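The values are calculated or read from the model by the stated rules, or taken from the named source; none is laboratory data. Keep in mind that this is a model prediction, so the values were computed, not measured. Neighbour counts run over all protein chains shown; Cβ positions are idealised from the backbone, glycine included.
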Amino acid sequence: MSTSVVLAILVTSLATYSSRLLGVISSKGIKETSKLFRWFNCLAYSTLAALIARTIIFPVGALSDASYLSRITVVIFCLFIFFISKKNFVYPTVISAIMLALLSEYL
Amino acid sequence: MINKEFFFKGFKSIIKPDSPALALGCCFIAIGALLKNLGFNIQESIFSTMLTYALPGSLVMAESMLVGASLLNIFLAVWFVNARLYPMAVSLFPLMMHKNQPRWKYYFSCHFIAVSAWLIMKSNYKDIQKKYRIDFWIGIGCATWATAVIGTFIGFYASDYLDKNIMMGLAILNPVYFLCMMVGAMKTIQISASVILGLLLGPIFYFFSPEWSILLGGLIGGTIAYFIGELRVN
(Lines give C-alpha, C1' and ligand atoms only; values in the text may rest on other atoms or scores of the structure.)
Protein backbone atom coordinates (compact mmCIF):
# COMPACT_ATOMS: atom_id res chain seq x y z
CA MET A 1 0.00 0.00 0.00
CA SER A 2 1.38 3.42 -0.85
CA THR A 3 2.09 5.70 2.12
CA SER A 4 0.08 8.67 0.80
CA VAL A 5 -3.06 6.60 0.28
CA VAL A 6 -2.76 5.00 3.73
CA LEU A 7 -2.27 8.44 5.30
CA ALA A 8 -5.30 9.81 3.44
CA ILE A 9 -7.39 6.86 4.68
CA LEU A 10 -6.17 7.33 8.26
CA VAL A 11 -6.87 11.07 8.17
CA THR A 12 -10.36 10.42 6.73
CA SER A 13 -11.15 7.83 9.39
CA LEU A 14 -9.86 10.09 12.16
CA ALA A 15 -12.03 12.98 10.95
CA THR A 16 -15.04 10.64 10.82
CA TYR A 17 -14.50 8.84 14.13
CA SER A 18 -13.94 12.09 16.04
CA SER A 19 -17.52 13.25 15.36
CA ARG A 20 -18.88 9.87 16.40
CA LEU A 21 -16.83 9.71 19.59
CA LEU A 22 -17.65 13.29 20.60
CA GLY A 23 -21.32 12.43 20.14
CA VAL A 24 -21.04 9.45 22.50
CA ILE A 25 -19.15 11.48 25.12
CA SER A 26 -21.79 14.24 24.93
CA SER A 27 -24.58 11.67 25.28
CA LYS A 28 -23.62 10.68 28.84
CA GLY A 29 -25.63 13.30 30.70
CA ILE A 30 -28.56 13.50 28.32
CA LYS A 31 -31.86 11.81 29.20
CA GLU A 32 -34.02 10.53 26.35
CA THR A 33 -37.01 12.46 27.68
CA SER A 34 -35.15 15.79 27.94
CA LYS A 35 -35.64 18.84 25.73
CA LEU A 36 -31.97 18.72 24.74
CA PHE A 37 -32.43 15.18 23.41
CA ARG A 38 -35.48 16.24 21.40
CA TRP A 39 -33.51 19.17 19.96
CA PHE A 40 -30.64 16.93 18.91
CA ASN A 41 -33.15 14.52 17.39
CA CYS A 42 -34.50 17.37 15.25
CA LEU A 43 -30.95 18.41 14.30
CA ALA A 44 -30.10 14.86 13.24
CA TYR A 45 -33.17 14.43 11.04
CA SER A 46 -32.76 17.89 9.53
CA THR A 47 -29.03 17.40 8.84
CA LEU A 48 -29.70 14.06 7.15
CA ALA A 49 -32.45 15.62 5.03
CA ALA A 50 -30.07 18.45 4.06
CA LEU A 51 -27.42 15.88 3.11
CA ILE A 52 -29.87 13.88 0.96
CA ALA A 53 -31.13 17.01 -0.82
CA ARG A 54 -27.57 18.14 -1.48
CA THR A 55 -26.59 14.71 -2.78
CA ILE A 56 -29.46 14.78 -5.26
CA ILE A 57 -29.28 18.43 -6.34
CA PHE A 58 -25.51 19.08 -6.11
CA PRO A 59 -23.98 15.61 -6.36
CA VAL A 60 -20.33 14.58 -6.45
CA GLY A 61 -18.99 11.38 -8.05
CA ALA A 62 -20.87 9.28 -10.59
CA LEU A 63 -24.22 10.97 -9.96
CA SER A 64 -22.92 14.33 -11.19
CA ASP A 65 -22.82 12.87 -14.73
CA ALA A 66 -26.62 12.48 -14.75
CA SER A 67 -28.63 15.50 -15.83
CA TYR A 68 -30.49 17.59 -13.25
CA LEU A 69 -33.81 16.86 -14.99
CA SER A 70 -33.29 13.08 -14.96
CA ARG A 71 -32.29 13.07 -11.26
CA ILE A 72 -35.35 15.10 -10.21
CA THR A 73 -37.68 13.02 -12.44
CA VAL A 74 -36.37 9.80 -10.88
CA VAL A 75 -36.72 11.08 -7.31
CA ILE A 76 -40.29 12.38 -7.79
CA PHE A 77 -41.39 9.21 -9.58
CA CYS A 78 -39.84 7.02 -6.85
CA LEU A 79 -41.59 8.99 -4.10
CA PHE A 80 -44.84 8.40 -6.00
CA ILE A 81 -44.05 4.65 -6.11
CA PHE A 82 -43.23 4.74 -2.38
CA PHE A 83 -46.66 6.11 -1.54
CA ILE A 84 -48.70 3.90 -3.88
CA SER A 85 -46.82 0.78 -2.69
CA LYS A 86 -47.93 1.48 0.92
CA LYS A 87 -44.50 2.83 1.89
CA ASN A 88 -42.48 -0.13 0.64
CA PHE A 89 -38.76 0.80 0.54
CA VAL A 90 -37.59 -1.82 -1.95
CA TYR A 91 -39.67 -0.97 -5.05
CA PRO A 92 -38.70 2.73 -5.30
CA THR A 93 -35.05 1.93 -4.54
CA VAL A 94 -34.71 -0.70 -7.25
CA ILE A 95 -36.75 1.34 -9.75
CA SER A 96 -34.57 4.42 -9.13
CA ALA A 97 -31.40 2.67 -10.31
CA ILE A 98 -33.00 1.13 -13.41
CA MET A 99 -34.82 4.33 -14.32
CA LEU A 100 -31.78 6.60 -14.01
CA ALA A 101 -29.59 4.21 -15.99
CA LEU A 102 -32.22 4.08 -18.77
CA LEU A 103 -32.84 7.82 -18.79
CA SER A 104 -29.11 8.52 -19.00
CA GLU A 105 -28.75 6.05 -21.86
CA TYR A 106 -31.65 7.28 -23.99
CA LEU A 107 -32.07 10.99 -23.17
CA MET B 1 -19.60 -9.34 27.04
CA ILE B 2 -22.04 -9.01 24.16
CA ASN B 3 -25.41 -10.71 24.56
CA LYS B 4 -25.59 -13.13 21.63
CA GLU B 5 -29.38 -13.24 21.44
CA PHE B 6 -29.72 -9.48 20.96
CA PHE B 7 -26.60 -9.24 18.82
CA PHE B 8 -28.00 -11.72 16.30
CA LYS B 9 -31.43 -10.13 16.50
CA GLY B 10 -29.80 -6.88 15.40
CA PHE B 11 -27.65 -8.63 12.83
CA LYS B 12 -30.68 -10.29 11.25
CA SER B 13 -32.48 -6.95 10.84
CA ILE B 14 -30.39 -6.47 7.72
CA ILE B 15 -32.15 -9.36 5.95
CA LYS B 16 -35.66 -7.99 6.45
CA PRO B 17 -37.50 -7.15 3.19
CA ASP B 18 -37.31 -3.41 3.90
CA SER B 19 -33.69 -3.38 5.11
CA PRO B 20 -31.15 -0.97 3.62
CA ALA B 21 -28.75 -3.80 2.70
CA LEU B 22 -29.50 -3.57 -1.01
CA ALA B 23 -29.11 0.22 -1.25
CA LEU B 24 -26.08 0.26 1.03
CA GLY B 25 -24.36 -2.61 -0.79
CA CYS B 26 -24.99 -1.06 -4.23
CA CYS B 27 -23.58 2.29 -3.12
CA PHE B 28 -20.43 0.67 -1.81
CA ILE B 29 -20.15 -1.22 -5.13
CA ALA B 30 -19.98 2.24 -6.72
CA ILE B 31 -17.40 3.31 -4.10
CA GLY B 32 -15.28 0.18 -4.75
CA ALA B 33 -15.28 0.92 -8.48
CA LEU B 34 -14.46 4.59 -7.85
CA LEU B 35 -11.53 3.75 -5.57
CA LYS B 36 -10.13 1.34 -8.14
CA ASN B 37 -10.35 4.03 -10.83
CA LEU B 38 -8.49 6.37 -8.46
CA GLY B 39 -5.60 3.92 -8.29
CA PHE B 40 -6.33 2.26 -4.94
CA ASN B 41 -5.49 -1.43 -4.69
CA ILE B 42 -7.92 -3.94 -3.15
CA GLN B 43 -6.33 -3.76 0.33
CA GLU B 44 -6.51 0.03 0.36
CA SER B 45 -10.14 0.02 -0.83
CA ILE B 46 -11.24 -2.46 1.85
CA PHE B 47 -9.14 -0.68 4.48
CA SER B 48 -10.82 2.63 3.54
CA THR B 49 -14.35 1.26 3.89
CA MET B 50 -13.56 -0.58 7.13
CA LEU B 51 -12.01 2.44 8.82
CA THR B 52 -14.19 5.23 7.46
CA TYR B 53 -17.56 3.55 6.89
CA ALA B 54 -19.29 6.73 5.78
CA LEU B 55 -20.24 7.19 2.14
CA PRO B 56 -20.03 10.98 1.80
CA GLY B 57 -16.69 10.99 3.64
CA SER B 58 -15.23 8.38 1.28
CA LEU B 59 -16.48 10.35 -1.73
CA VAL B 60 -14.94 13.57 -0.42
CA MET B 61 -11.64 11.81 0.24
CA ALA B 62 -11.64 10.43 -3.31
CA GLU B 63 -12.49 13.83 -4.84
CA SER B 64 -9.84 15.57 -2.70
CA MET B 65 -7.18 13.07 -3.73
CA LEU B 66 -8.12 13.58 -7.38
CA VAL B 67 -7.33 17.29 -7.14
CA GLY B 68 -4.16 16.66 -5.11
CA ALA B 69 -5.40 18.15 -1.82
CA SER B 70 -3.14 18.11 1.27
CA LEU B 71 -3.82 15.84 4.26
CA LEU B 72 -5.03 18.83 6.28
CA ASN B 73 -7.46 19.77 3.51
CA ILE B 74 -8.72 16.20 3.34
CA PHE B 75 -9.20 16.14 7.13
CA LEU B 76 -11.16 19.40 7.15
CA ALA B 77 -13.27 18.52 4.10
CA VAL B 78 -14.19 15.11 5.54
CA TRP B 79 -14.80 16.58 9.00
CA PHE B 80 -17.25 19.12 7.58
CA VAL B 81 -19.16 16.50 5.61
CA ASN B 82 -19.20 13.97 8.44
CA ALA B 83 -19.94 16.40 11.28
CA ARG B 84 -23.57 15.30 10.86
CA LEU B 85 -22.54 12.14 12.73
CA TYR B 86 -22.31 14.19 15.95
CA PRO B 87 -26.05 15.03 16.29
CA MET B 88 -26.84 11.53 15.03
CA ALA B 89 -24.79 10.07 17.92
CA VAL B 90 -26.29 12.42 20.52
CA SER B 91 -29.81 11.56 19.36
CA LEU B 92 -29.15 7.81 19.49
CA PHE B 93 -26.81 6.91 22.34
CA PRO B 94 -28.96 8.22 25.23
CA LEU B 95 -31.49 5.57 24.12
CA MET B 96 -28.86 2.86 24.68
CA MET B 97 -26.99 4.05 27.77
CA HIS B 98 -27.35 1.61 30.68
CA LYS B 99 -25.40 1.53 33.93
CA ASN B 100 -24.80 -2.24 33.74
CA GLN B 101 -23.13 -2.06 30.33
CA PRO B 102 -19.36 -1.43 30.03
CA ARG B 103 -18.18 1.84 28.49
CA TRP B 104 -16.04 0.16 25.82
CA LYS B 105 -19.16 -1.04 24.02
CA TYR B 106 -20.23 2.55 23.43
CA TYR B 107 -16.81 3.79 22.31
CA PHE B 108 -16.36 0.79 20.02
CA SER B 109 -19.84 0.75 18.53
CA CYS B 110 -19.99 4.47 17.75
CA HIS B 111 -17.98 3.55 14.65
CA PHE B 112 -21.18 2.02 13.24
CA ILE B 113 -23.07 5.31 13.23
CA ALA B 114 -24.17 5.80 9.64
CA VAL B 115 -27.51 6.73 8.11
CA SER B 116 -28.62 3.16 7.39
CA ALA B 117 -27.81 1.69 10.83
CA TRP B 118 -29.12 4.82 12.59
CA LEU B 119 -32.49 4.64 10.81
CA ILE B 120 -32.86 0.89 11.54
CA MET B 121 -32.10 1.46 15.22
CA LYS B 122 -34.44 4.44 15.46
CA SER B 123 -37.34 2.41 14.10
CA ASN B 124 -36.67 -0.69 16.26
CA TYR B 125 -35.28 0.41 19.64
CA LYS B 126 -38.66 0.49 21.42
CA ASP B 127 -39.01 -3.28 20.96
CA ILE B 128 -35.73 -3.97 22.80
CA GLN B 129 -35.15 -3.76 26.58
CA LYS B 130 -32.92 -0.78 27.36
CA LYS B 131 -30.18 -2.92 28.91
CA TYR B 132 -29.70 -4.90 25.70
CA ARG B 133 -30.12 -2.13 23.14
CA ILE B 134 -26.36 -1.66 22.84
CA ASP B 135 -25.93 -5.37 21.94
CA PHE B 136 -28.75 -5.08 19.41
CA TRP B 137 -27.05 -1.96 18.00
CA ILE B 138 -23.68 -3.73 17.69
CA GLY B 139 -25.48 -6.48 15.74
CA ILE B 140 -27.02 -3.93 13.34
CA GLY B 141 -23.66 -2.15 13.01
CA CYS B 142 -21.71 -5.33 12.25
CA ALA B 143 -24.25 -6.34 9.61
CA THR B 144 -24.30 -2.98 7.80
CA TRP B 145 -20.52 -2.67 8.11
CA ALA B 146 -20.02 -6.15 6.61
CA THR B 147 -22.42 -5.25 3.78
CA ALA B 148 -20.34 -2.14 3.02
CA VAL B 149 -17.09 -4.12 2.96
CA ILE B 150 -18.56 -6.82 0.69
CA GLY B 151 -20.00 -4.11 -1.60
CA THR B 152 -16.58 -2.45 -1.89
CA PHE B 153 -14.97 -5.81 -2.70
CA ILE B 154 -17.52 -6.55 -5.44
CA GLY B 155 -17.29 -3.01 -6.84
CA PHE B 156 -13.53 -3.15 -7.01
CA TYR B 157 -13.50 -6.33 -9.10
CA ALA B 158 -16.62 -5.52 -11.12
CA SER B 159 -15.47 -2.00 -12.05
CA ASP B 160 -14.25 -3.11 -15.50
CA TYR B 161 -17.78 -4.26 -16.34
CA LEU B 162 -19.67 -1.25 -14.97
CA ASP B 163 -20.29 1.49 -17.51
CA LYS B 164 -21.11 5.12 -16.70
CA ASN B 165 -24.90 4.61 -16.77
CA ILE B 166 -24.79 1.65 -14.38
CA MET B 167 -22.56 3.64 -12.02
CA MET B 168 -25.11 6.48 -12.06
CA GLY B 169 -27.92 3.99 -11.36
CA LEU B 170 -26.01 2.59 -8.38
CA ALA B 171 -25.25 6.08 -7.07
CA ILE B 172 -28.92 7.18 -6.97
CA LEU B 173 -30.01 4.13 -4.92
CA ASN B 174 -28.80 5.44 -1.58
CA PRO B 175 -30.31 8.95 -1.67
CA VAL B 176 -33.65 7.57 -2.90
CA TYR B 177 -33.69 4.87 -0.23
CA PHE B 178 -32.80 7.33 2.54
CA LEU B 179 -35.32 9.86 1.27
CA CYS B 180 -38.06 7.22 1.43
CA MET B 181 -36.94 6.21 4.94
CA MET B 182 -36.98 9.83 6.09
CA VAL B 183 -40.43 10.44 4.59
CA GLY B 184 -41.59 7.20 6.24
CA ALA B 185 -40.29 8.48 9.61
CA MET B 186 -42.38 11.67 9.41
CA LYS B 187 -44.85 10.66 12.13
CA THR B 188 -44.64 13.65 14.48
CA ILE B 189 -44.77 17.39 13.78
CA GLN B 190 -41.16 17.82 14.94
CA ILE B 191 -39.72 15.10 12.72
CA SER B 192 -41.85 16.15 9.73
CA ALA B 193 -40.79 19.79 10.07
CA SER B 194 -37.13 18.73 10.54
CA VAL B 195 -37.13 16.67 7.35
CA ILE B 196 -38.96 19.25 5.22
CA LEU B 197 -36.84 22.17 6.44
CA GLY B 198 -33.61 20.18 6.01
CA LEU B 199 -34.58 19.26 2.44
CA LEU B 200 -35.26 22.92 1.64
CA LEU B 201 -32.46 24.64 3.54
CA GLY B 202 -29.58 22.28 2.63
CA PRO B 203 -29.61 23.19 -1.09
CA ILE B 204 -30.42 26.87 -0.37
CA PHE B 205 -27.35 27.28 1.89
CA TYR B 206 -25.24 25.57 -0.78
CA PHE B 207 -25.41 28.79 -2.81
CA PHE B 208 -23.82 30.72 0.08
CA SER B 209 -21.34 28.14 1.39
CA PRO B 210 -21.05 24.62 -0.09
CA GLU B 211 -18.87 23.42 2.84
CA TRP B 212 -21.25 24.62 5.55
CA SER B 213 -24.54 23.98 3.73
CA ILE B 214 -25.35 20.62 5.36
CA LEU B 215 -24.48 21.75 8.87
CA LEU B 216 -26.24 25.11 8.57
CA GLY B 217 -29.29 23.55 6.92
CA GLY B 218 -29.44 20.94 9.69
CA LEU B 219 -28.83 23.35 12.54
CA ILE B 220 -31.28 26.04 11.46
CA GLY B 221 -33.91 23.65 10.07
CA GLY B 222 -33.70 21.38 13.13
CA THR B 223 -33.90 24.27 15.59
CA ILE B 224 -36.94 25.80 13.87
CA ALA B 225 -38.59 22.36 13.78
CA TYR B 226 -37.87 21.86 17.49
CA PHE B 227 -39.57 25.14 18.41
CA ILE B 228 -42.53 24.38 16.12
CA GLY B 229 -42.98 21.07 17.95
CA GLU B 230 -42.57 22.58 21.42
CA LEU B 231 -45.04 25.38 20.69
CA ARG B 232 -47.58 22.85 19.49
CA VAL B 233 -47.15 20.72 22.63
CA ASN B 234 -47.50 23.77 24.89
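Just to be sure before I move on: is B:Ala69 more than 7 Å from chain A (Cβ to nearest Cβ), within 18 Å of A:Ser18 (Cβ to Cβ), in contact with a helix residue (DSSP H, G or I) (Cβ under 9 Å, 6 or more places away or on another chain) and of a type in the set (A, V, I, L, M) in the structure I sent? For B:Ala69, the condition - more than 7 Å from chain A (Cβ to nearest Cβ), within 18 Å of A:Ser18 (Cβ to Cβ), in contact with a helix residue (DSSP H, G or I) (Cβ under 9 Å, 6 or more places away or on another chain) and of a type in the set (A, V, I, L, M) - is not met. Say we look at segment B:61-90 and pick out the residues that are touching a residue at least 12 places away in the same chain (Cβ under 8 Å) and assigned to a loop (DSSP other than H, G, I, E, B); which of these is farthest from the chain's Cα centre (by Cα)? Taking the candidates together, the pick is B:Ala83.
On the basis of being facing chain B (nearest Cβ under 7 Å) and of a type in the set (Phe, Trp, Tyr), does A:Phe58 make the cut? Considered against the rule, which asks whether it is facing chain B (nearest Cβ under 7 Å) and of a type in the set (Phe, Trp, Tyr), A:Phe58 comes out as yes. Consider only pairs whose beta carbons are under 8 Å apart and that are at least six residues apart or on different chains; among these, list those whose first residue lies in segment B:98-120 and is under 14 Å from B:Leu55 (Cα atoms) and whose second residue is in a helix (DSSP H, G or I) and among the basic types (Lys, Arg). If the second residue must be in a helix (DSSP H, G or I) and among the basic types (Lys, Arg), the pairs left are B:His111/A:Arg20; B:Ile113/A:Arg20.
For the subset of segment A:82-102 comprising residues that are more than 9 Å from every other protein chain (Cβ to nearest Cβ) and of a type outside the set (Ser, Thr, Tyr), which member is farthest from B:Pro20 (Cα to Cα)?
Per the criteria, the residue is A:Ile84.
Go through A:Leu100, A:Leu48 for me and flag whichever is touching a Ser or Thr at 6+ places or on another chain (Cβ under 7 Å) and assigned to a helix (DSSP H, G or I).
The match here is A:Leu100.
Going through segment B:91-127 one residue at a time, which ones are assigned to a loop (DSSP other than H, G, I, E, B) and either aliphatic (A, V, I, L, M) or outside the structural domain of B:Cys142 (by TED's automatic domain parsing) (or both)?
Within segment B:91-127, B:Leu92, B:Met96, B:Met97, B:Ile113, B:Ala114 meet the criteria.
Going through (1) free of Cβ contacts under 8 Å to residues at least 12 places away in the same chain; (2) facing another protein chain (nearest Cβ under 9 Å); (3) part of a helix (DSSP H, G or I) one by one, B:Pro210 falls short only on (3). For segment A:84-92, the count of residues that are farther than 29 Å from B:Leu219 by Cα and aromatic (Phe, Trp, Tyr) is at least one.
So which residues in segment B:1-25 are outside any helix (DSSP H, G or I) and either in contact with a Lys or Arg (Cβ under 7 Å, 6 or more places away or on another chain) or closer than 16 Å to B:Val115 by Cβ (or both)? Across segment B:1-25, the qualifying residues are B:Asp18, B:Ser19, B:Pro20. Taking the listed residues B:Gly169, B:Gly151, the one that is modelled with pLDDT under 90, in a helix (DSSP H, G or I) and in the same structural domain as B:Ser19 (by TED's automatic domain parsing) is B:Gly169, with no other qualifying. Just one of the listed residues (A:Ile52, A:Ile25) is surrounded by fewer than 24 Cβ atoms within 10 Å (Cβ to Cβ) and not acidic (Asp, Glu), namely A:Ile25. The set of residues in segment A:61-74 being at the interface with chain B (Cβ under 7 Å from one of its Cβ atoms) and surrounded by fewer than 16 Cβ atoms within 10 Å (Cβ to Cβ) consists of A:Asp65 alone. Of the conditions (1) more than 8 Å from chain A (Cβ to nearest Cβ); (2) aromatic (Phe, Trp, Tyr); (3) without any contact (Cβ under 8 Å) to a residue 24 or more places away in the chain, B:Phe6 fails just one. Which one is it? B:Phe6 satisfies every listed condition except (3).
Among the residues making up segment A:37-84, those that are closer than 14 Å to B:Pro203 by Cβ and either polar (S, T, N, Q) or touching a residue at least 24 places away in the same chain (Cβ under 8 Å) (or both) are A:Ser46, A:Thr47, A:Thr55, A:Arg71. Of all residue pairs spaced 6 or more apart or on separate chains, those with beta-carbon atoms under 7 Å, a first member in segment B:175-199 that is at the interface with chain A (Cβ under 7 Å from one of its Cβ atoms) and a second member that is part of a loop (DSSP other than H, G, I, E, B) and at pLDDT below 95 are B:Tyr177/A:Phe89; B:Tyr177/B:Pro20; B:Cys180/A:Phe89; B:Met181/A:Phe89; B:Gly184/A:Lys87; B:Ile191/B:Ala185; B:Val195/B:Met186. Does segment B:217-225 contain at least one residue that is in contact (Cβ under 8 Å) with a residue 12 or more places away in the chain, closer than 29 Å to A:Leu100 by Cα and of a type outside the set (D, E, K, R)? Checking segment B:217-225: at least one residue is in contact (Cβ under 8 Å) with a residue 12 or more places away in the chain, closer than 29 Å to A:Leu100 by Cα and of a type outside the set (D, E, K, R).
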